Amino acid sequence: MNSVLLAESKAIDAAHMELMLKRLGWKTDIVNDETNLKAKLKAEQYSMIILDEATLGDELRETVKMIRDRENVTGVPVTIIGTTAYSLRGQLRKLLQIGMDFSLSKPIYNQDLVGILEAVAEKEEQRKEKHLVIAAS
């Protein structure tokens, strides 16, 4: 089972996301602040991390950088999804500009999450195929 780390301070949003992810076959660890998020990141490896903009506030950019730095050291790819309560394109674009792979505005719908998970799976397949070609050379 794939595991995802969710940083969400609102219990109802966390429960909603956890239920959607569970139905899609993902085990979800939930943290509600930056301190717990950093502790989880040090203790465990996740293939996907979902960060709520409001939960992390000013620490969002630093947290994404920390995740990307760790990814560069370990060589293990991590998909970062940013969530925001704002549906303005500029706000969603901001999440991508600071290093997230995908961005979603709340409320998050199942079909949007499924679309992202399908894109992640396709990206992972391409990465595996690339490594097979390199290994065969």
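None of the figures in this text is laboratory data; all of them are computed from the coordinates on show. In this text, all values refer to a predicted model and were calculated from it rather than measured experimentally. Virtual Cβ from ideal backbone geometry, glycine too; neighbours counted across all protein chains shown.
Some notes on this structure:
- Of the residues making up region 85-97, those that are surrounded by 18 or more Cβ atoms within 10 Å (Cβ to Cβ) and touching a residue at least 12 places away in the same chain (Cβ under 8 Å) number 2.
- Contacts under 7 angstrom Cβ, first residue in region 111-124 being farther than 14 Å from ILE80 by Cα, partner surrounded by 13 or more Cβ atoms within 10 Å (Cβ to Cβ), 6 or more apart: ASP112/LEU104; VAL114/LEU24
- Number of the exception - MET100 against (1) in contact (Cβ under 8 Å) with a residue 60 or more places away in the chain; (2) not in a helix (DSSP H, G or I): (1)
- Checked against (1) more than 18 Å from LEU5 (Cα to Cα); (2) in contact with a Phe, Trp or Tyr (Cβ under 7 Å, 6 or more places away or on another chain), VAL78 meets all criteria but (1).
- The residues in region 60-82 that are of a type outside the set (Lys, Arg) and assigned to a helix (DSSP H, G or I) can be counted, and the count is 11.
- Region 4-18 residues that are within 15 Å of LEU113 (Cα to Cα), paired with ones that are of a type outside the set (A, V, I, L, M, F, W, C) and assigned to a loop (DSSP other than H, G, I, E, B) (beta carbon under 7 Å, 6 or more apart): VAL4/TYR46; LEU5/TYR46; ASP13/LYS106; ALA14/GLU8; MET17/GLU8
- Residue within region 3-24 that is surrounded by 17 or more Cβ atoms within 10 Å (Cβ to Cβ), of a type in the set (Asp, Glu) and within 12 Å of the chain's Cα centre (by Cα) present: yes
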